[in-house]
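Dumping the structure here so I can ask a few things about it.
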Amino acid sequence: MEKQPILQIEDLYKQFPVTRTFVDRVKRSPKQVVHALDGISFSVAQGEILALVGESGSGKTTVGMNVLGLQVPTKGYILFDGYNMADWAMGKLKSRKNGDELSRLSKRKQILALRRRAQMVFQDPYESLNPRQTIWEIVVEPLEIHDLGLSADEKEARVRAALEDCGLAPADHFWNRYPDELSGGQRQRVVIAGALVLEPELLVADEPVSMLDVSIRADILTLLQSLRKTRNITILYTTHDLATAGYFTDRMAVMYLGRVVEIGPTAEVLKEPRHPYTQALVSVAPVPNPRKKRKRMILQGEVPNPIDVPSGCRFHPRCPIATDECKITDPPYVKITSKHKVACLKTLSVD
Amino acid sequence: MQRSDYLIRKIIFALATLAAVVVFNFFLFRILPGDPVKLIIHSPRMTAEAQERIKSNFGLDKPVWFNQEGFQEEGISGAFDTQFTAYLRELTKGDLGVSFSTRKDVSELIKERIWRTVVLVVVGELLAIFIGVILGMVAAWRRGTSLDTSILLYGLFTWAMPTFFFGIILLIISGGRFPIGGMVTPGLKPDDGLVYWQDVGRHLILPTLTLTILYLSEYMLIMRSSVVEVLSEDYILTAKAKGLNAFQTFRDHALKNAMLPMVTIIALTLGYTVGGAIQVETVFSWPGIGRLMFDAVQKRDYPVLQGTFLILAVSVIIANLIADLLYAALDPRVKPD
Amino acid sequence: METQNRIWTTFRKKPMALIGMSMLAVTLIMAFFAPLLAPYDPNERVDVTPSDILAPPDARHILGRDDAGKDVLSSLIYGARVSLIVGFVSSFFSMFIGTSVGLAAGYFGGRVSNVLMRFTDFLMVIPDLPLMLVIISVWGRGLWKIILVISVLYWTYTARLVRSQVLSIKERQFILRAHALGASDFRIIIRHILPQVMPLIIAQAVLDISSSVIAESTLSFLGLGDPTLVSWGMMLNFAFERAISRKAWWFLLPPGIAIVWVSLAIILIGNALEEVVNPRLKTHHLFNPRNMVSLAIGKPPLVEPESTSEVIP
Amino acid sequence: MNTLEVHDLSINYLTNEGIALNAVDGLTFSLEQGRSLGLVGESGCGKTTVMLSLMRLLPEAGRIVDGQILFNGRDLLQISERDMQSVRWKDISMVFQGAMNALNPVRTVESQIVEVLQLHNIIDSTRDARKRAGELLELVGIPAKRGSQYPHQFSGGMKQRAMIAMALACNPQVLIADEPTTALDVMIQAQIIELLEKMQRLLGLSLVLVTHDLGVVAEMCDDVLVMYGGTVAEYASSDVIFNNPQHPYTQRLLKAFPDIAEPGSDLASIPGNPPRLDNLPPGCRFEPRCHVGKGEPICLKQLPPLVEIEPGHHVACHLVKGV
């Protein structure tokens, strides 16, 4: 049975105004805008783990922020369990189905209802915990913000379950400690526990392991993967490291300068990348064995400035196989398989 | 950050502050209880003729803010025939009114004395900055040693010392070796040439010393923390790795970076130094703007008070602007990129 | 909260703090028990003979007598009250106004904060003593007027300090986490921002006490103190002209020394607190490298490290 | 004779209370001219300390308490600070991780290169030095005219290239690179790796690469030294380390590193956490996390010596029998 998508993103645009200096105002130079997202569309099924991969400036974190309602799209919309995320995040939900109790709640209550169901895991374990709070206060805070009518014991049980599910057992060995007494890996587990205590359905993990040592990364990734089974959680995993995405995600969307250039099942995309950018990224990812050295496809130059995006296919200035046609037309998606599509004019000829 | 943007913003801010000070100055003496303006007119020691001149000059018979009848008769130009416009007109002509106690023109009084305060403040300030920066560097270099702690204690001590009391202490300790009051020993005249100026110089020693000793501690403490902070930056390790010795590293890499925050701090504390000058001029009866203001306070001489406050505030604002422009020139990150 | 008392334990151990607190305690006792301690009541009319004016210290007047023939020691003891009241009250006001302005401007930003901060910059540029002189000489003298004027001028520094701190904390990830959890702005300020900023505000407020004490004594010295009250600044104002010519040090020096005593006590406390709150950097790159290579010592026996904070495997 | 030889190097850090914490213990390796060595290990393993000690740039609390650092046979630990200053950057130069502020923000990029050229009297006249600086920038892919700009006008990748240009200015024999690619994007990282490889081939440099990223080491280094808790775990050619690792830590580290060629293959991380300097176990530092030696009496009591189990393959583990 095709799982009903928990998350649907339709033609999502997000632009940030560029601060205008006095001189701009005087010369009345045209208002400039950063094109963080330039039309993103994909959907995520219940319990699926989707990786958003790309270099800095690709917009992968912006997608996460919009999906969580921490930012409001400039154009297009995001449906989370059928509700328009932007309205929900502003507490202005119009009644979707008749007799829908959610839209009758107050603005504050609506926002809280949203926060309960969609949570975030952060990149920097040293920065994402308030150094002045004990582990207990950190993990129980969500329960204080959302009064779910839990008694003290129920709260303690939930905190204990969350901590121990994240591998910090026995819980009472940790909850009186301060963040600076724990290692990076342990701190990241506390962050995840803090997110789980509300029993969310959607988790956005923004580069959760990039600051951790290699030897403890695998545990965190396995923990995230296990959440699908133990708590039926859908995960959006953003990273610049394709190898970690390869390890535990079902599908992967490769992003470049605010667009998804390739999306498909992770193994397929990594084994036979079809978009030149994906091919370059895969070829360049370091392989831990000198015998398996591959020819590296290194793209020269840097990611262009998102304020004035290149014409036609935005990748053409750095693309090794770009032709004149690529400079004019913005490539539509080409289906490789039912689940694997690529936005590149040259894909077919590559077979 | 665009440099042109930075400069425009700073200049606009300075002009806005100047305008605000002028307006504030006008209102201060009219809104507050016991309307001092009426006082000026009816004070016994003012001659009728002087009262008349002030009344007409400052349009005291006209409404303060908006002239009703004037508006009916001559439209817009009439409406603005008010005390405030008269005040502005006089100000542009440099006429700050007549001193209530000495009946001399306030602008004359100020013109005569301004260079004396400027000399005192500039000399005192430059010495304080120069010595403060050097001591600050030494303290940072020898950080953690007894020298560092003694410099810190000296800083705390001068921080706790009111300027006027330190002046009094210097007065007592100097015990007659230096002149303790006034600007020149009576009887000497400027056209006596060098002798006169040497005498003025000797009178200047104690007041300047007071300012220098007190204010150098502030610059010293700030320089010390700025240098220590800069010396822990990565580019200092790079310099060391490049084979530069400690002195070269300090001179070519640390110094300029450490001086940047100093420029902003100097701008910020200028207002404070002017306050110090008033106290020093009072204690050593050095006949500058500060002393003039002190006398005006004692005698309730509002026009002089108004004039001196305006001059002091305007000079500090301009000095601040200069410091901001200097910062823009020093810090490349403010250069147009 | 463990960090709060961690600050207190380290603060208490610092020598500067101990000296400062004891000096302040002396002054507080003097001010509080003034009626008991002072041999005479300074406001009482006293019939004076010419020889009493500026009389040197003797058995009945340990610190001699002032230009009105009154006992200097009694005025000195009563004078502590004015300085401490002005110091603590105006510092509290400037901390309160400065923190709220700084917090609002820092956290909420936008047009309102710009106007607020421009006004703060405006007040900061104006030289503060001349402004105080002008306001008080026009508005009239009085203890409360002095307190108000000092607070209005000194909150600007706190506002700028708090705003820059809030701006940097606001960008940190645990604030984004609080938003993601659904915390309200109010909760984020109270639970996450204030605890970070509070120690700095308190350290600054303590330092403000001493600058307020000095500001009050300066205003009084320049003749703008509250005429109905005895204050050290006023004593110095009266003492200044007459005492110097008559070499009456016993009247001239004690009030000045008392002012320095109080403000030094407070500065020692404030500086010790500042040191605990953001400890000054100790090490940097330009140290003397002579003992970096110390082969002579050779490998010391592996010292059994007492586990300072045992990390759970 | 090897360009760089380190014998039994031990380094301590003094805490404020004067306790000596052992950061590096008995480190030994050698580097021939033109070859590259990867110094690999996780946070807190002492690799940065070793790197800084090679140029005697330890922080104030650092103490080199034992060993030799031979550069072309000359022991750098015996020479004076003044002599060391003439060795720094002329014979051994360095590229720092945080290139972000490793360049002086208030001086132009060009002037910082000219400075080092004149300091070591490679070129005395400023005009020629400025020309040479331009050539160096072009060599690393930066237009020469950008030399007159300031570091804040450069992107992360550009700053790192400028650092490399500066490091090559006095054509040193050894180039040390401390995590040169960590803070950069994947594609820029690849460009920097390619640039370093090209420079090494072109100028016959010996390269010491300090990193936690096994992939980068596999791409660039001839030999690999795996560090753990301040000691050498395993030291051999890159091929041996990646295909015939003997030390339990190296084996588990390789299994914890996701390989893009086989997505979905299972990963096993190492239980526990890297050791902390103030909490080092007396015996083998890896014992608490070791799947083979945990609880073994000999591993608990004694630090394993570094043994050459086969030519060019050194391992420090009691349980690995010498071949």
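Work out the mean other chain Cβ neighbour count within 10 Å for the residues of A:124-131 and drop it here as an integer.
Partner-chain Cβ atoms within 10 Å, mean over residues of A:124-131: 5.
In Å and whole numbers, how far do the C-alpha atoms of region C:63-119 stretch along each principal axis, longest first?
Each principal axis gives a Cα extent; for region C:63-119 these are 60, 16, 10 Å.
Now for a different question. Please list the non-local residues whose amide H lies under 5 Å from the amide H of residue A:59, H modeled 1.01 Å from N, same-chain partners needing a gap of 5 or more.
Correct list: A:258.
Of C:97, C:113, C:79, which is farthest towards the positive pole of region C:15-173's charge dipole, taken about the Cα centre with +1 and -1 on the beta-carbons of Lys, Arg and Asp, Glu respectively?
Value: C:113.
Rounded to whole Hz and in sequence order, give me ³J(HN,Hα) for region D:77-86 from the Karplus expression 6.51 cos²θ - 1.76 cosθ + 1.60, θ = phi - 60°, writing x for Gly and Pro.
7, 9, 8, 6, 4, 4, 5, 5, 4, 7
I would also like to ask the following. Taking chain D as the region of interest, what is the percent of Cα-Cα pairs per 20 angstrom bin, listed from the shortest bin to the one with the maximum distance?
30, 56, 13, 0
Let me ask another. Compare the peptides B:238-246, A:150-158 by average per-residue count of other Cβ atoms within 10 angstrom and give them in order, highest first.
Most protected by this proxy first, the peptides run B:238-246, A:150-158.
Okay, moving on. In whole Hz, with x marking every Gly and Pro, tabulate ³J(HN,Hα) for region A:109-124 from phi via Karplus 6.51 cos²θ - 1.76 cosθ + 1.60, θ = phi - 60°.
Residue by residue, region A:109-124 yields 5, 4, 4, 4, 4, 5, 4, 5, 9, 10, 10, 10, 10, 9, 7, 9 Hz.
Give the relative contact order (percent, whole number) for region B:132-203; include only Cα pairs under 8 Å separated by 6+ residues.
Dividing the mean separation by the residue count of region B:132-203 yields 20 percent.
Which of A:306, A:281, A:247 sits farthest toward the positive end of the charge dipole of region A:213-351, with +1 on the Cβ of Lys and Arg and -1 on the Cβ of Asp and Glu?
Farthest along the dipole direction, towards plus: A:247.
Follow-up question, since we're still on this one. Report the FRET efficiency, 1/(1 + (r/R0)^6), for residue D:261 and residue A:45, where r is their Cβ-Cβ distance and R0 is 25 Å, rounded to 0.05.
Step by step, r from the Cβ atoms, then E = 0.35.
Rounded to the nearest 20 Debye, what is the dipole magnitude of chain B about its Cα centre when Lys and Arg each give +1 and Asp and Glu each give -1 at the C-beta?
Result for chain B is approximately 800 debye, rounded to the nearest 20.
Same structure again: Summing -39500 (n - 2.57) over the DSSP H runs of n ≥ 4 in the protein assembly as shown and dividing by its residue number, what mean residue ellipticity at 222 nm do you reach, to the nearest 500 deg cm²/dmol?
-16500 deg cm²/dmol
Determine the sum of side-chain charges near residue B:318: Lys and Arg each +1, Asp and Glu each -1, restricted to other residues whose C-beta is under 14 angstrom from that of residue B:318.
Charge balance near residue B:318 sits at 0.
Taking amide H positions as placed in the peptide plane 1.01 Å from N, state which residues far from residue D:26 in sequence (5 or more) or on other chains have amide H under 5 Å from it.
Hits under the 5 Å cutoff: D:9, D:10, D:11.
Pull up the cross-link candidates among the lysines for residue C:13, meaning alpha carbon to alpha carbon under 27 Å and not fewer than 8 places away within one chain.
Within reach: C:282.
Same structure again: Shielding of D:181-192 by partners, i.e. mean partner chain Cβ atoms within 10 Å per residue?
For this peptide, the per-residue mean of nearby foreign Cβ atoms is 6.
If you don't mind, another one. Per-residue HN-Hα couplings for region B:255-263, Karplus 6.51 cos²θ - 1.76 cosθ + 1.60 at θ = phi - 60°, whole Hz, x for Gly and Pro?
Those phi angles translate into 4, 4, 5, 6, 6, 4, x, 4, 4 Hz.
Under a straight-distance cross-link criterion of Cα-Cα below 14 Å, which aspartates and glutamates are reachable from residue C:70, leaving out those fewer than 8 residues away in the same chain?
Of all the aspartates and glutamates, those that pass the test against residue C:70 - Cα under 14 Å, at least 8 places apart if same chain - are C:41, C:44, C:47, C:52, C:58.
Treat chain B as a sphere of radius equal to its Kirkwood radius over Cα pairs and apply Stokes-Einstein at 37 °C in a medium of 0.692 mPa s; give the translational diffusion coefficient in µm²/s, rounded to a whole number.
After rounding, the answer is 141 µm²/s.
Let's test this: bin the Cα-Cα distances of region D:167-208 at 10 Å from zero up to the farthest pair and state each bin's percent.
Going out from 0 Å in 10 Å bins, region D:167-208 shows 28, 54, 18 percent.
How would you order B:307-316, D:239-248, C:10-19 from highest to lowest mean count of nearby Cβ atoms within 10 Å?
Highest to lowest by the protection proxy: B:307-316, D:239-248, C:10-19.
For the residue pair residue B:103 and residue C:190, what label-to-label distance in nm results when each label sits 7 Å from Cα along the Cα-to-beta-carbon direction?
Rounded to a tenth, the inter-label distance reads 6.8 nm.
I've got another one for you. Please compute the Cα-Cα pair-distance distribution of chain A with 20 Å bins starting at 0, giving whole percents from short to long.
Bins of 20 Å from zero give 27, 55, 18, 0 percent of pairs.
Work out, step by step, the length gained on full extension between residue B:191 and residue B:23: first 0.36 nm times the residue separation, then minus their alpha carbon distance; give nm to one decimal.
Full extension of this stretch gives 56.4 nm more.
Which Rg and Dmax, in Å, describe the Cα atoms of region A:190-251?
11.2, 30
Listed highest first by mean packing, meaning other Cβ atoms within 10 Å per residue, what order do B:125-132, A:22-29 come in?
Highest-to-lowest ranking by the protection proxy: B:125-132, A:22-29.
Would you kindly give the portion of the calculated P(r) for region B:228-337 that falls above 18 Å, as a percent of all Cα pairs?
Looking at region B:228-337, the distances longer than 18 Å represent 65 percent of pairs.
Show log10 I(q)/I(0) for region B:125-213 at q = 0.18, 0.23 Å⁻¹, two decimals, from a solvent-free Debye sum over equal Cα scatterers.
-0.88, -1.11
Suppose a student asked you for the relative contact order of chain C, using Cα pairs under 8 Å spaced at least 6 residues apart; what percent would you report?
Relative contact order here is 25 percent.
Same structure, new question: Choose one of D:149, C:169, B:22: the residue whose Cα lies farthest towards the positive end of the charge dipole of the protein assembly as shown (beta-carbon charges +1 Lys, Arg; -1 Asp, Glu; about the Cα centre).
After comparing all options, I get B:22.
From the Cα gyration tensor of region A:197-351, with a ≥ b ≥ c the square roots of its eigenvalues, which class applies: rounded if a/c is under 1.5, or else prolate if a/b is larger than b/c, or else oblate?
Verdict is prolate for region A:197-351.
Oh, and also: When the Kirkwood hydrodynamic radius is evaluated over all pairs of different C-alpha atoms of the protein assembly as shown, what value in angstrom, to one decimal, is obtained?
Computed over the protein assembly as shown, the radius equals 36.0 Å.
Counting only other chains, what is the mean number of Cβ atoms within 10 angstrom of the Cβ of each residue in peptide C:61-71?
Partner-chain Cβ atoms within 10 Å, mean over residues of C:61-71: 0.
Any number yet on Rg/Rh for region A:269-351, C-alpha, Kirkwood?
Across region A:269-351, the Cα-based Rg/Rh ratio is 1.00.
Something else now. So what is the relative contact order for region D:277-323, in percent, with contacts set as C-alpha pairs under 8 Å and at least six apart?
This gives 30 percent for region D:277-323.
Return the subset of A:271/A:293; A:31/A:92; A:271/A:339; A:293/A:346; A:14/A:341 for which the Cα-Cα distance in this structure is over 19 Å, preserving the input order.
A:31/A:92; A:293/A:346; A:14/A:341
While we're on this one: Quick one: grab Rg to one decimal and Dmax as a whole number for region C:233-282, Cα atoms only, in Å.
Answer for region C:233-282, Rg first and Dmax second: 17.0, 51 Å.
Readers should treat all values here as calculations from the given coordinates under stated rules, not as data from a laboratory. Bear in mind that the values here come from a model prediction, so they are computed numbers and not experimental data. Backbone-built Cβ (ideal geometry, glycine too); neighbour counts: all protein chains shown.
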